[in-house]
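Participant: Handing you a structure now.
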Amino acid sequence: MRSPTPSFCAPGARRRAFTLVELLVVIAIIGVLIALLLPAVQQAREAARRMQCSNNLKQIALALHNYHDTYQTFPSGFMYDSTSSVRWSWGALILPFIEQGAMHNQLGVTKQRLKDCVDTADCLTLLKTPIDGYRCPSDTAPELNPWATYGSDSDNIAAASYIGNEGMCHIFNDEKSHGMFHGNSGVKMRDVTDGTSNTLFVGERDGADTDSLTSGRNARRGAVWAGTMNASRKWPRGVMDVLASFAQPMNRESVAGADHNGKGFGSLHPGGSQFVLVDGSVRFIPETIEFRNSDFYWDNPDPTHYNVANLGVYQLLGVRNDGRPVDVP
């Protein structure tokens, strides 16, 4: 005879469900756990982006050093001549050394003027091509720099997140700088008399804002890797497309006058920016680094216009031969 099926509930008993209060408590606990976990996830993602950015800068440093080994000089900040207003920059000159030799050849860098490339449809298309090694993953700027316009149709070309060091002052045309780059610069290793571990080479400039204001984060409008539209201008559509100065503090959030927008360094990494030094090492420099506003004239590269004894650590790191080497904090 088959035994009766056992019952786990007493006759007439009802299964008990969650009460509303219990459900709300569970939801609250889940919310707290998510709130605790989300910042950790965001920090992990930013750490990964920052590491990739550091790797990009290391590759740029290696390319600059290989260029020096090949040509016995570092590349010019931009190629200056009196016949063309649109000129190739250091970012285009080192393309063969960052595994972009095919791009370098197709563009005809050094074989034709950048202006001629801009005026040719196929070549202009290449100028609009983003290069991953020139973009920081934390930079939220669009692929085409909305501020740098090139050619008769005012086309935008590929944006970059890395910008060369032109020293303390804003230069243009064939003015010389005491940084690592200027027009036809050709700085050699021996010219870095303050020491390669005491001089900044290339840094970040994000292009997060694309509005037309003259204050806020649009004080930094990113960069481009190809070249400068007009070397007789500092900004906009000038030298500051490819070079940056230390005459402004890092991560500056407001600038008096549109002509001075976008001339410094900055990033979307919390608390500072990454730079590569001339020795090839990459360092994260805090935005709290010492910066002094006194006693310099930022539009004249002649060192007699400022007293290096009155410059902050940040500014001294941007000058290769001021005789006052300082360590990166």
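The values are calculated or read from the model by the stated rules, or taken from the named source; none is laboratory data. Remember, predicted model here, so these are calculated numbers, not experimental data. A quick note on method: Cβ atoms are made from the backbone with ideal geometry, for glycine too, and the neighbour counts reach across all protein chains shown.
Participant: State yes or no: is I27 assigned to a helix (DSSP H, G or I), more than 21 Å from E204 (Cα to Cα) and out of contact with any His (no Cβ under 8 Å at 6 or more places or on another chain)?
Facilitator: When the stated conditions are applied, I27 passes them.
Participant: Among the residues of the stretch 52-107, which ones are more than 21 Å from L243 (Cβ to Cβ), in a helix (DSSP H, G or I) and touching a residue at least 60 places away in the same chain (Cβ under 8 Å)?
Facilitator: Correct list: Q52, S54.
Participant: If you don't mind, there's one more thing I want to ask. Just to be sure I understand, how many residues within the stretch 179-220 are of a type outside the set (D, E), modelled with pLDDT under 95 and not in a helix (DSSP H, G or I)?
Facilitator: The qualifying residues number 15.
Participant: Determine which member of the set P39, P4 is modelled with pLDDT under 75, out of contact with any helix residue (DSSP H, G or I) (no Cβ under 8 Å at 6 or more places or on another chain) and more than 19 Å from P270 (Cβ to Cβ).
Facilitator: P4
Participant: Quick one: is A61 over 21 Å from N230 (Cα atoms), out of contact with any Leu (no Cβ under 7 Å at 6 or more places or on another chain) and of a type in the set (A, V, I, L, M, F, W, C)?
Facilitator: For A61, the condition - over 21 Å from N230 (Cα atoms), out of contact with any Leu (no Cβ under 7 Å at 6 or more places or on another chain) and of a type in the set (A, V, I, L, M, F, W, C) - is met.
Participant: Is it the case that P130 is touching a strand residue (DSSP E or B) at 6+ places or on another chain (Cβ under 8 Å), surrounded by fewer than 23 Cβ atoms within 10 Å (Cβ to Cβ) and not in a strand (DSSP E or B)?
Facilitator: Taking the combined requirement at face value, the residue satisfies it.
Participant: I'd like to know if the stretch 168-178 contains one or more residues that are under 22 Å from S154 (Cα atoms) and at pLDDT 90 or above.
Facilitator: Among the residues of the stretch 168-178, not one is under 22 Å from S154 (Cα atoms) and at pLDDT 90 or above, which makes the answer no.
Participant: Could you go through the stretch 291-298 and let me know if any residue there is modelled with pLDDT under 90, basic (K, R), touching a helix residue (DSSP H, G or I) at 6+ places or on another chain (Cβ under 7 Å) and surrounded by fewer than 16 Cβ atoms within 10 Å (Cβ to Cβ).
Facilitator: Within the stretch 291-298 (the criterion being modelled with pLDDT under 90, basic (K, R), touching a helix residue (DSSP H, G or I) at 6+ places or on another chain (Cβ under 7 Å) and surrounded by fewer than 16 Cβ atoms within 10 Å (Cβ to Cβ)), the answer is yes, since at least one residue qualifies.
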